[in-house]
Amino acid sequence: MSRVVHVLRAGKLGYQKSLNLQKVVSSAVLNGEQPNVLILTEHDPVYTVGIRTKSYGSEEEHRLRELGAEFFRTNRGGLITFHGPGQLVAYPVLNLKHFQPSVRWYVCHIEKTVIDLCRRYGLKAGTTEDTGVWIGNRKICAIGIHASRYVTTHGLALNCDNDLRWFRHIVPCGIEGKGVTSLSGELNREVTVGEATRKFLESFQDILQCDLLEYDPEKQREILEHAA
């Protein structure tokens, strides 16, 4: 396969630092200074709102911050979601001209990646008219992306063994009457982020038909320090 994506294991990051990291990496990818990069991380509790900010003004922001979470407004697609420990967050920073110069194609393949991961666990997942990946009427993975000049940022958040009670304080992604779930909840056992990451990388490589290469520790440290 000629498509190469470097895997950047960022560990647990504050949300602001993840935004800084995506900005640095996406600029380098756009300018041809860096190859395509797949950032893998976890976040401390944070609510993020996309470009659809309906119903989440300053009063709601204050209410959610009072729960002990951060709150950020972003340029990704979608409305509100939650990120926290036990959730695999993946930010593919890809130049779609190396793949297919189509945002719709990209979102479809991110969805297929998560559906394939669930299949590896024996779970039947799918898509609906609502965003994300679902098992029945329960969302297991939120997806919200941004693309500028065919370089992608933001990405997906897969519930592994995170505390789903944080979602009770919002209407996840603005979708009424549906719930959330996790790999651990569906399988009735603990599925850690580390375990899910291995299967995610396999699915990502197969669905996007790319080669994944791990950054060497020194290069990874250099990129993270540059984004601090």
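The values are calculated or read from the model by the stated rules, or taken from the named source; none is laboratory data. For clarity, every value in this text was computed on a predicted model and none was experimentally measured. All Cβ positions, glycine included, derive from the backbone under ideal geometry; neighbour counts span all protein chains shown. The protein model used for the area step is the full one, side chains on, heavy atoms only, and it has no ligands, DNA or RNA in it. Shrake-Rupley method; radii C 1.70, N 1.55, O 1.52, S 1.80 Å.
Data table
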{"quantity": "Positions within the stretch 114-129 being without any contact (Cβ under 8 Å) to a residue 24 or more places away in the chain, open to solvent by 50 Å² or more (accessible area, probe 1.4 Å) and touching a helix residue (DSSP H, G or I) at 6+ places or on another chain (Cβ under 6 Å), in sequence order", "calculated": "Thr127"}
{"quantity": "Subset of the stretch 57-89 that is of a type in the set (Ser, Thr, Tyr) and touching a residue at least 60 places away in the same chain (Cβ under 8 Å) - its residue that is farthest from Val114 (Cα to Cα)", "calculated": "Thr74"}
{"quantity": "Residues that are part of a loop (DSSP other than H, G, I, E, B) and either out of contact with any Ser or Thr (no Cβ under 9 Å at 6 or more places or on another chain) or open to solvent by less than 40 Å² (accessible area, probe 1.4 Å) (or both), drawn from the stretch 130-149", "calculated": "Asp130, Thr131, Gly132, Arg149"}
{"quantity": "Whichever residue in the stretch 90-113 is hydrophobic (A, V, I, L, M, F, W, C) and free of Cβ contacts under 8 Å to residues at least 12 places away in the same chain and, among such residues, is surrounded by the most Cβ atoms within 10 Å (Cβ to Cβ)", "calculated": "Cys108"}
{"quantity": "Filtered residues of the stretch 55-86 (kept if over 17 Å from Leu19 (Cβ atoms) and either polar (S, T, N, Q) or open to solvent by less than 40 Å² (accessible area, probe 1.4 Å) (or both))", "calculated": "Ser55, Tyr56, Gly57, Ser58, Leu64, Leu79, Gly86"}
{"quantity": "Some residue of the stretch 154-173 being surrounded by 13 or more Cβ atoms within 10 Å (Cβ to Cβ), among the aliphatic types (A, V, I, L, M) and over 20 Å from Val49 (Cα atoms)", "calculated": "no"}
{"quantity": "Scan of the stretch 156-172 for residues that are closer than 20 Å to Lys12 by Cα and part of a loop (DSSP other than H, G, I, E, B), ordered by number", "calculated": "Cys160, Asp161, Asn162, Asp163"}
{"quantity": "The lone exception for Lys23 - which of (1) open to solvent by less than 30 Å² (accessible area, probe 1.4 Å); (2) more than 23 Å from Gly132 (Cα to Cα) it fails", "calculated": "(1)"}
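Residue-wise test of (1) in contact (Cβ under 8 Å) with a residue 24 or more places away in the chain; (2) more than 19 Å from the chain's Cα centre (by Cα).
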| residue | (1), (2) |
| --- | --- |
| Val180 | yes, no |
| Leu183 | yes, no |
| Glu186 | yes, yes |
| Ala196 | yes, no |
| Leu201 | yes, no |
| Phe204 | yes, no |
| Pro217 | no, yes |
| Arg221 | no, yes |
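One line per residue, one yes/no per condition, for (1) part of a loop (DSSP other than H, G, I, E, B); (2) of a type in the set (Gly, Ala, Ser); (3) over 21 Å from Lys199 (Cβ atoms):
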site: Lys17; (1), (2), (3): no, no, yes
site: Gln34; (1), (2), (3): yes, no, yes
site: Glu42; (1), (2), (3): no, no, no
site: Leu64; (1), (2), (3): no, no, yes
site: Gly68; (1), (2), (3): yes, yes, yes
site: Gln100; (1), (2), (3): yes, no, yes
